[in-house]
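Everything on this sheet refers to the single structure shown next.
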Amino acid sequence: MRIFVKYLSKFSGFLFLLFLIGIWTFISSGPEWSSQYLFPSPKAVLTALFNSREELLRSAWSSLLKLVPAYFAAAVVGISLGIVSGSVPWVGTMLKPISRFAAPIPPNVYIPYAIAILPTFYLSSTFIIFIAAFWPIYLNTAAGAADVPEKYRRNAAIIGIGRFEYLWRIAFVASLPSIFSGLSVGMGLSFIMLTVAELFGENTGLGHFVQFYADYSDYPNMVAGILWTGIVVLAIMELFEFVKRKVLFWTKAN
C-alpha cells in the first residue's frame, strides 16, 4: 500500500491533468451552445493549434522580440541598482521612499500613458515589460545585498578589497539566491504584462492572436492561442529554472 501511494504521488500532477482534460471534454460535449462557442472540445482546440501553427510561431517570435530586450534591460538595471542600494546605506535610504511608492503600482496603469508618449506600440510594450520586471528584480537584489553578513564586509576591508570590487565579487555573489528569486518573479510578471500590452493595439504577438480570434468569436483558435502561450511560458520558465540550478549549485535550493 505504501509503495502504491509513493508511485501515485509521483504521477499525481499527470493524473490531475488528465482529470482536468476529462472535465473539459465532459463540458464541451454538453449542449450545442457550450461546445460550439464558449467551450470548444480538446479535439477542436488541438486541430486549431495544428492549423494555426505557423501563425502561432510567428506570434511567439514577435512576443519574444519585445520581451527579451525589455527583460534583459530590467535585469541589468535592477541588479546593478539593487546591489548598490543594498550595499551603500545612503543610496538605499534615498531610494527607499521611491520604491515604496512606485513598486506597488500595477504596471498596466502605465499603458495608456506609454501609448500616448512613445512613438510606437513596440516601444510602449517594451516599456511596460521593463517596469513589470524591474521592481521585483531591484527589490529582491537590494534585500539580498543588504543581508550580506557583516563579517564579509569586515574581511573585505581587512584584505584591502575596494568598494567596486566588493560590490562585484562579494555583494553580487552573496545576493545571487535573492537575485534569482527576483528574476523569476520578474519573468512571470513580464509575460503577464506582455500579453496585456499586446491587447491594447499591437498587431502582432500572442496577446494579439488571442484578442483577434476572440473578437471574431473563434473560440477554438482563441483557446489554442491561450494554450500555446502557456506552453511558451512553461518552456522558458523551465529553461530559467535549469540555469538557476546550475548557477546556484552551492545552495540548499539545489
ask   = Distance in nm between label sites at PHE72 and LEU20, each 7 Å beyond Cα in the beta-carbon direction?
value = 3.2 nm
request  = With mean projected area of the Cα convex hull in nm² in mind, check (1) 13.0; (2) 12.3; (3) 19.1 and report the label derived from this structure.
outcome  = (3)
task = Can you tell me the 0 to 90 degree angle between the C-alpha axis of helix 53-87 and the longest principal axis of the chain, rounded to 10?
result = 20 degrees
ask   = About its Cα centre, what dipole magnitude does the chain give when the only charges are +1 on Lys and Arg Cβ and -1 on Asp and Glu Cβ, stated in debye to the nearest 20?
value = 1300 debye
remark   = To the nearest 10 degrees, the tilt of helix 12-28 (Cα long axis) against the first principal axis of the alpha carbons of the chain is 40 degrees
inquiry  = For the ranges 176-186, 53-63, 133-143, 230-240, what's the packing order if you count other beta-carbon atoms within 10 Å of each residue, average per peptide, and put the highest first?
reply    = 133-143, 176-186, 53-63, 230-240
query = Could you give the angle, 0 to 90 degrees to the nearest 10, between helix 89-102's Cα long axis and the longest principal axis of the Cα atoms of the chain?
reply = 20 degrees
key: Helical contribution to [θ] at 222 nm, DSSP H n ≥ 4, -39,500 (n - 2.57), averaged over the chain, rounded to 500   = -25000 deg cm²/dmol
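Rule-based calculations on the coordinates, nothing more; no lab input. This is a predicted model, so every value here is computed, not measured. Counting neighbours? That spans all protein chains shown, and the Cβs are built from the backbone with ideal geometry, glycine included.
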